[in-house]
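The values are calculated or read from the model by the stated rules, or taken from the named source; none is laboratory data. The model shown is predicted, which means the values in this text are computed figures rather than measured ones. Cβ coordinates were reconstructed from backbone atoms using ideal geometry, including for glycine residues, and neighbour counts include every protein chain displayed.
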Amino acid sequence: QAKAAGRRTFMRYDDAMDLVVRQRATISGALRKVLDRGELHLVYQPRLALDSSRITGVEALLRWSSDEHGEIAPTDFIPMAEESGLILEIGEWVLREACLTLHRWHQHGLGQLSMAVNVSVLQLLRGDFPEVVARVLQDIGLPPSALELELTESVLMANAEHTAVKLQAFRTLGVSLAIDDFGTGYSSLAYLKRLPITTIKIDKAFIGDLTHDPEDAAITSTVITMAHSLGLNVVAEGVETEAQMRFLASHRCDEIQGFWLSQPLDAHACLAFIRHWTPDRLPAPLPAAPLA
Ligand code: C2E
Ligand code: MG
Ligand code: MG
Ligand code: MG
């Protein structure tokens, strides 16, 4: 009888797996049509400089509202878009759309704003990616210094030998380069030194408990010091509370991004947020925050 019950359990598990596989197949099939149907759009999350209390720019984040499947999170569909190679097309669409938005904002008199765009490993691996980026910037008439490409540590490590050369092409172009989700991968300090990057984004995993967990606090302040000694700009992501903001300001973190400042917003709402932002919205004077 136990055996029968076990077998029934197994059958249910099997059915469930089958369903998951079939759902993945339909979603990745649907993904093929999203660009034509206009189901993708971008939202933008502002970044704040802690010394000047100014909005420095935004990060573009991809959203898919599928007619058939509802809202699908990027962490769910981007891996599928990578498996199918479709991320190349989607990634280029993201780049162009984000640059068009920034160009509009520049024309509204916000010429100092920059745009950060996430880049997938497949995009970086294609030989002509620097040319693709250069062409998009030129078509739109955006200065390369207004664009920052965000790469994760795993993307950089995937092809370590060629990465440094590849990245140099973007630096020559004048585009900034950030390491995203810093601290979650395995890049060594020696390796970091060899890469022509400009910015480190500390992963939100270290920020959430910053003011309660002495280890996260130690890691964060060490990364800030280390990054500055290498001449890099430091951004903390996932900042959700004023206490976290104060800790980061007192440890001389350059910029913050997160729900405390703003959720990711559609282009219209984000422009309104930036225009209505005044530095006095930041509690002054800036800290002498207590250590965790
Ligand atoms: P990411 O680049 O590290 O982006 C930051 C993520 O943290 C975003 O999730 C953002 O909505 C979320 N976030 C922002 N502030 C907070 C906060 O205060 N608390 C918490 N808990 N979360 C916060 P999202 O939009 O779901 O994107 C997830 C990931 O998907 C991104 O992580 C990025 O790796 C990837 N992604 C998003 N858009 C693109 C894209 O256009 N191309 C590629 N290749 N990847 C993308
Ligand atoms: Mg990012
Ligand atoms: Mg990140
Ligand atoms: Mg992250």
Failed criterion for Asn118 (all others in (1) within 16 Å of ligand 1 (Cβ to nearest atom); (2) under 24 Å from Ile87 (Cβ atoms); (3) surrounded by fewer than 22 Cβ atoms within 10 Å (Cβ to Cβ) hold): (3)
Kindly provide the set of residues from segment 91-125 that are within 20 Å of the chain's Cα centre (by Cα) and among the charged types (D, E, K, R), ordered by number. Glu92, Arg96, Glu97
Going by what's in this entry, would Ile179 be described as crowded, with 22+ Cβ neighbours inside 10 Å, modelled with pLDDT under 95, closer than 24 Å to Trp260 by Cα and within 16 Å of ligand 4 (Cβ to nearest atom)? yes
So for segment 154-161 (the condition being at pLDDT below 95, surrounded by 18 or more Cβ atoms within 10 Å (Cβ to Cβ) and either of a type in the set (Gly, Ala, Ser) or not in a helix (DSSP H, G or I) (or both)), does at least one residue qualify? no
Can you tell which of Pro279, Pro264 is more than 22 Å from the chain's Cα centre (by Cα), within 30 Å of Gly109 (Cα to Cα) and not small (Gly, Ala, Ser)? Pro279
Exception for Pro79 within (1) surrounded by fewer than 16 Cβ atoms within 10 Å (Cβ to Cβ); (2) assigned to a loop (DSSP other than H, G, I, E, B) falls at (2)
Name the residue that is nearest to ligand 2 (Cβ to nearest atom), counting only residues in segment 190-214 that are assigned to a helix (DSSP H, G or I) and at pLDDT 95 or above. Lys204
With Leu95, Leu62 as the choices, which residue is within 16 Å of ligand 2 (Cβ to nearest atom), within 30 Å of Trp277 (Cα to Cα) and not in a strand (DSSP E or B)? Leu95
Report yes if some residue within segment 138-147 is touching a residue at least 40 places away in the same chain (Cβ under 8 Å), over 21 Å from Ala60 (Cα atoms) and either crowded, with 17+ Cβ neighbours inside 10 Å or within 16 Å of ligand 3 (Cβ to nearest atom) (or both); otherwise report no. no
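Yes/no matrix, rows are residues, columns are (1) within 16 Å of ligand 3 (Cβ to nearest atom); (2) within 23 Å of Leu102 (Cα to Cα):
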position: Arg37; (1), (2): no, no
position: Ala49; (1), (2): no, yes
position: Glu59; (1), (2): yes, yes
position: Ile72; (1), (2): no, no
Of everything in segment 218-277, what is of a type in the set (Asp, Glu), outside any loop (DSSP other than H, G, I, E, B) and surrounded by 19 or more Cβ atoms within 10 Å (Cβ to Cβ)? Give them in sequence order. Glu255
